[in-house]
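In what follows, a single structure is set out as C-alpha cells and then discussed.
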Number of protein chains: 2
Amino acid sequence: MGIVVQKYGGTSVADKERIFRAAKRAISEYEKGNKVVVVVSAQGDTTDELIEKAKEINENPSKREMDVLLSTGEQISIALMAMAIEKLGYPVISLTGWQAGIKTDSHYSNARIIEIDTERLQRELDKRNIVVVAGFQGINKYDDITTLGRGGSDTTAVALAAALKADKCEIYTDVDGVYTADPRIVPNASKLKEISYDEMLELATLGAKVLHNRSVELAKKYNIPLVVRSSFNDNEGTIVKEVNSVEKLLVSGVACDKDIARVAVIGVENIPGKAFQIFSLLAKENINVDIILQSIGREKTKDISFTVSKSNLKQTLDVLTKNLHIIGAKDITYADNVAKVSIVGAGMVNNPGVAAMMFEALYDAGINIEMISTSEIKISVLIDEKDAEKAVRAIHDKFKLHLLNSNGK
Amino acid sequence: MGIVVQKYGGTSVADKERIFRAAKRAISEYEKGNKVVVVVSAQGDTTDELIEKAKEINENPSKREMDVLLSTGEQISIALMAMAIEKLGYPVISLTGWQAGIKTDSHYSNARIIEIDTERLQRELDKRNIVVVAGFQGINKYDDITTLGRGGSDTTAVALAAALKADKCEIYTDVDGVYTADPRIVPNASKLKEISYDEMLELATLGAKVLHNRSVELAKKYNIPLVVRSSFNDNEGTIVKEVNSVEKLLVSGVACDKDIARVAVIGVENIPGKAFQIFSLLAKENINVDIILQSIGREKTKDISFTVSKSNLKQTLDVLTKNLHIIGAKDITYADNVAKVSIVGAGMVNNPGVAAMMFEALYDAGINIEMISTSEIKISVLIDEKDAEKAVRAIHDKFKLHLLNSNGK
C-alpha cells in the first residue's frame, strides 16, 4: 500500500485503445491497494493543432492567452481518461491543474511550480478515487492559467510525487527506457536498468528526449525515483535514482543533439570584460549559451565562439549585430550545420582516459572535432552535422556499450 | 458611456473571418467609451466533436466529466477571440467561467447560475480591458466545472448583464432577429422590431430556436432588454423587453415544434388520483410533459394523453410500461409523427376571437386538430407532422402577419 504517480505522454493517450491501456495500468496499481494519481498530456497532435489555430488568428499572441488555449488539450485528456476508468467500473475524478492545487509563477508558457496545495488531491485519494490530473498546467497568484513549457507533464508528475510523498513515479512513454544511445542510430544500443539523476540530467539536456531536465532536477531535489517505461509493453524500463558510487558506470550513454548552431564573434578587442559584455547581452534576451570557446588572445584581438539552439540563432545574430560597435568586434559568423555528440558517465570523473578514448574513436572514424566541452560526468564535442550518426556509432562501439547487460553494470 | 454585453454563438465564431468580424464589433462599442464584455460559445461543431470523442470511450460518461470535457470548447473560443482583439491592437483579457466568478449549483450538464462574483470582471473592465468570457460554464461549491445546458451561453450573457447592471445585452446569432414565423417555412414572414419577454418565452419554449427560454426568464427577472441580431450584417434586429399594453400585438408569431411525441395511457380506472400517479412517475424521471388531455370518464375507464419531447419518448414509454399494473391501465399507445403549431401574442388575452380564427385557418386548409392547449398569450394545437408547414403558412396568412411593419405594430 502506497502512493503511485503515473504519467502518460501524448502518444500514450493518442486514441481510444491507448487510453484504455493506460486506464487498465492505473487500475492494476489501484487493485493492489495503492492510491493512484494519473498525470496525462494532451493527446497526440492536439497541442500542435491548437497552436495552428492560434497562429491563424495572430502570429504573435500573448503568452497568457496561448496558455488559456493550450491548457484545454490536457483538460480534454483528463476527461477522456476519467471516462475510460469509469467505463471499467472504478471510482475516478479528473482535476485540472488549478483544481489539483498546482501553483506556479507567472512566466506564461514556461512557468515553474512554486508549490502544490494537496488538500483536494488528498481528499479525493482518501475517498479511494483514482485521481487523473492534467499535466503541463497550473495557476498563478492572479488565478490565471499557466503552462509549464516543454516536458511540463513530466514535471507535473514528479512535483505531485514529491508533494504527495509518493512511493513511485512512473513515466510512461513510447520508448522502453533510457538507452546507451538512440536505437534508431545505434541498433544494438543497450537499455540501462538504472541511471543516476546527474547522468540523466546530462542526457536530457543533451537531447536524449526521454525525460525533460526540469523533471529530473525536481526528482533529484526530492529524491523521487523515476521509472521510465513504455506504455505499449510490460518491459521493465529504466530507473532514474541516486546511484551508489560503486555502481557508477564509466560511460552510460552517447547522446546527439542537432538542434544547435555555432556562432563566432570575430576580432574582439583583447581587453577584460568583453566576454561578459557579449553573454550578458544574450542573457538579457533569455538565450541559453552552451559550449563556449575563446581563442588565445594574440596581438590585439581574439575570437569568441559559442553554441546556441537553432531556434535562438536568428535572435542571437540580431542582438549581436545590433551591438557590434559596442562590443567592438569586427564580424559575426555562424554555422548551423553542426551537431553536438556527448558521452555521459558518473564514473568518468575518476577515469582520466575516457576523453582520450572518445577522441580516438572519432579520429579512427575520420571525424574532425570543432569544439570540446567537458564537465565532471560529461564530454561533448561539436562536429559536422553530417558526421553525427557515424560519431555516435563509433563512440558506442569504442566503449562497447552494446555489451552493457540489462543490469546496467 | 456604459456597460455592453455581447454574446456570439457558435456560428458567429466558427472561423477566423467570423472571429475578427465579432472582434471588430466589440471594439466599435469599446471605441465609443463603453466597457465591453464579450461572451462566446464553442466554435461551430466543436461541442459535437467533443461529445463524439466521449461516446467513443464511454457511451454513458458521468456528467461531471462530460462538463470538464465540454467546457474546453468555450475556453478555446475565448483564447482565440482574445488573440483576435490583441491582433487588432486593443487591450483584452479572456476569462473562463470560474475566472469570471460564475457560481452555479451542482447539476452537471444543466447547472443554474446561483450568483456571479463580479470582482475580477469589474477589475478588468476598470483597467479598460475588453473582457472575453466563456459562455455555457461555471463552477460549483466544490470548485468543479459545470455547464449550463442548452442555450447556456445566452444565459451567461444575460446573467453577466444583470450582475454588471449593463446598459445593453446583445445576442449575436445567425438570424436577423425574431420573425412572425420561421422564414424557411413562411418566406414573407415579418421581422418583429420588438417583442415582450412573455411572448419571447412562449416562442422560445415553442421551438422558435432564437433564444433559449432560461435566458429570457433571466432577462425578464432583471429587466434586461435583449437585442437579438445577426453577426453577419448590420440589420437592426429585435428588441426583447417589457412591452406596454397599448403596444401589445394580437398575434406576434407562429411557431412550430416537431420535436414532440404524443403518448396515451388507455383504459385508466375512472377514480381520483390517477393523473397524479402518472405524472409524478414522469416528474421523478425529470420528463417534461407539455399538452395534457383527459377524455371524459365514461363507464369505468378514461384515457389520458399528453405530449413529451421526442428525446424523452423512449424513457416515458419504459417507465409507464413498467408501472402499468400500478397505474391500473390497459395499454400505452404513442405517436411520434405529430407537430405542435402555436400562435403567441400578448394581446390575445383580451380578444376572444383569436382561437376561432386560428381554428378556421386550419379548417380551411383541411388540417385535423388532435389536441388543443391554451394559455393567456398562446394557443397550441397538435396536428399531423406532415401538415406542419402548411398549418404555419395558413395561420400566418390568416392573421396577415406579413403586413406587420418593422415597427412591430
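The values are calculated or read from the model by the stated rules, or taken from the named source; none is laboratory data. This is a predicted model, so every value here is computed, not measured. Every residue, glycine as well, gets a Cβ built from its backbone with ideal geometry; the counts of neighbours run over all protein chains shown. Note: accessible area is taken over every heavy atom of the protein model, side chains too, but ligands, DNA and RNA are not part of it. Shrake-Rupley method; radii C 1.70, N 1.55, O 1.52, S 1.80 Å.
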Quick one: what do you get for region B:245-409 if you divide its Cα Rg by 2.2 N^0.38 Å? 1.17
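Where does each of B:His402, A:His212 land when they are ordered by accessible area, with a 1.4 Å probe and the largest first? The partial results should precede the final answer.
Working: B:His402 70, A:His212 40 Å².
Descending accessible area places them as B:His402, A:His212.
Based on the Kirkwood radius over alpha-carbon pairs, what value in µm²/s does the Stokes-Einstein equation return for the translational diffusion coefficient of the protein assembly as shown at 20 °C and 1.002 mPa s? Working shown, then result.
On the way: Rh = 31.0 Å.
For the chosen part, D equals 69 µm²/s.
Give the average over all directions of the projected area of the C-alpha convex hull of region B:172-232, one decimal, in nm². Write down the numbers at each step before the final one.
Numbers: hull surface 16.1 nm².
Mean projected area of the Cα convex hull: 4.0 nm².
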Point-to-point label distance, A:Asp384-B:Ser106, nm (Cα→Cβ direction, 7 Å offset): 6.9
Return the loop-located trypsin sites (Lys or Arg not before Pro) in region B:57-149 (DSSP other than H, G, I, E, B) with at most 13 other Cβ atoms within 10 Å of their own Cβ; answer none if there are none. B:Lys127, B:Arg128, B:Lys141
Size of region A:338-402 as Cα extents on the principal axes (Å, biggest first): 32, 23, 16
Region B:218-265 to region B:311-382: how many Å between their Cα centroids? 21
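Count neighbours as other Cβ atoms within 10 Å of each site's Cβ, and list the trypsin sites (Lys or Arg not before Pro) in region A:267-357 that are DSSP loop with at most 14 such neighbours.
On the way: sites: A:Lys274, A:Lys284, A:Arg298, A:Lys300, A:Lys302, A:Lys310, A:Lys314, A:Lys322, A:Lys330, A:Lys340; in loops: A:Lys300, A:Lys330.
Those satisfying the criteria are A:Lys300, A:Lys330.
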Evaluate the charge dipole of region B:172-301 about its Cα centre and quote only its size in Debye, nearest 20, assuming +1 on the Cβ of each Lys and Arg and -1 on the Cβ of each Asp and Glu. 340
Between the modelled labels at B:Lys322 and A:Glu17 (7 Å from Cα along Cα→Cβ) the distance in nm is 3.7
B:Ile292 long-range amide H proximity, modeled H, under 5 Å: none
Nearest beta-carbon of A to the rotation axis carrying it onto B: which residue, how many whole Å? A:Thr72, 2
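What does the average come to when, for each residue of peptide A:95-108, you count the partner chain Cβ atoms lying within 10 Å of its Cβ? List each step's numbers first, then the result.
Values: counts 3, 8, 0, 4, 7, 0, 1, 0, 0, 0, 0, 0, 0, 0.
Taking all residues of A:95-108 together, the mean is 2.
Between B:Ile369 and B:Lys24, what is 0.36 nm times their sequence separation minus the Cα-Cα distance? Round to one decimal in nm.
On the way: separation 345, 0.36 × 345 = 124.20 nm, distance 4.92 nm.
Taking 0.36 nm per residue and subtracting the Cα distance, the gain is 119.3 nm.
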Compute the distance in nm between two label points, each set 7 Å from the Cα along the Cα-to-Cβ direction, one at B:Lys53 and one at B:Ala356. 6.0
Mind telling me which of B:Ile326, B:Ile19, B:Ile292 comes out most flexible in a GNM of chain B, alpha-carbon contacts under 10 Å? B:Ile326
Mind scanning B:Lys330/B:Lys386; A:Lys24/A:Lys87; A:Lys165/A:Lys241; A:Lys284/A:Lys322; A:Lys24/A:Lys241 and naming the pairs with a C-alpha gap bigger than 20 Å? B:Lys330/B:Lys386; A:Lys24/A:Lys241
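Please tell me which of these pairs span more than 32 angstrom C-alpha to C-alpha: A:Lys35/A:Lys103; A:Lys127/A:Lys168; A:Lys55/A:Lys168? Walk me through the numbers on the way to the answer.
Numbers: A:Lys35/A:Lys103 22 Å; A:Lys127/A:Lys168 20 Å; A:Lys55/A:Lys168 39 Å.
Beyond 32 Å between Cα atoms: A:Lys55/A:Lys168.
Relative contact order, percent, of region B:245-409 when contacts are C-alpha pairs under 8 Å separated by at least 6 residues?
Working: 284 pairs, mean separation 52.0, N = 165.
It comes to 32 percent, rounded to a whole number.
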Relative contact order of chain A: what whole-number percent is it, with Cα pairs under 8 angstrom and at least 6 residues apart? 14
Amide N proximity, region A:319-337 versus A:Ser280 label position 7 Å along Cα-to-Cβ, cut-off under 17 Å: A:320, A:323-329
For chain A, the longest stretch holding no chymotrypsin sites (Phe, Trp or Tyr not before Pro) located in a DSSP loop with at most 15 other Cβ atoms within 10 Å is which? A:233-409
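Hey, what number do you get for chain B at 222 nm if only DSSP H runs of n ≥ 4 count, each worth -39500 (n - 2.57), divided across all residues, to the nearest 500? Write out the running numbers ahead of the final one.
Numbers: 12 runs with 143 residues, N = 409.
The helix contribution divided over chain B gives -11000 deg cm²/dmol.
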For region B:258-305, what does the accessible surface come to per residue with a 1.4 Å probe? Please give it in Å². 60
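Ordering B:Glu360, B:Glu199, A:Glu202 from largest to smallest accessible area (1.4 angstrom probe), what's the sequence? Present the calculation step by step, with values, prior to reporting the outcome.
Values: B:Glu360 90, B:Glu199 10, A:Glu202 40 Å².
Ranking B:Glu360, B:Glu199, A:Glu202 by accessible area, largest first, yields B:Glu360, A:Glu202, B:Glu199.
In debye, nearest 20: dipole of chain B around its Cα centre with unit charges on the Cβ of K, R (+) and D, E (-)?
520
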In nm, one decimal, shortest first: how far is the label point of B:Ser28 (7 Å from Cα along Cα to beta carbon) from the matching points in the other copies? 6.1
Inter-copy distances for B:Gly366, label 7 Å out on the Cα-Cβ vector, sorted ascending, nm, one decimal, are 9.5
Taking a point 7 Å out from Cα toward Cβ as the label site, list the nm distances between B:Glu299 and the same residue in every other copy, smallest first. 12.4
Can you give the average number of partner chain beta-carbon atoms within 10 Å of each beta-carbon in peptide B:48-59, as a whole number? 4
Might you work out the accessible area of B:Val319 for me, using a 1.4 Å probe with all protein chains in place, and round it to the nearest 10 Å²? 10
Give the distance, in whole Å, between the Cα centre of region B:63-139 and the Cα centre of region B:185-211. 28
Calculated on alpha-carbon atoms, Rg and Dmax of chain B in Å: 23.0, 78
Within straight-line cross-link reach of B:Lys63, aspartates and glutamates at Cα separation under 14 Å, skipping those fewer than 8 residues along the same chain: A:Glu86, B:Asp105, B:Asp144
Cα long-axis angle, helix B:353-364 against chain B (0 to 90 degrees, to the nearest 10): 70
For B:Leu282, B:Leu403, the accessible-area ranking with a 1.4 Å probe, largest leading, is B:Leu403, B:Leu282
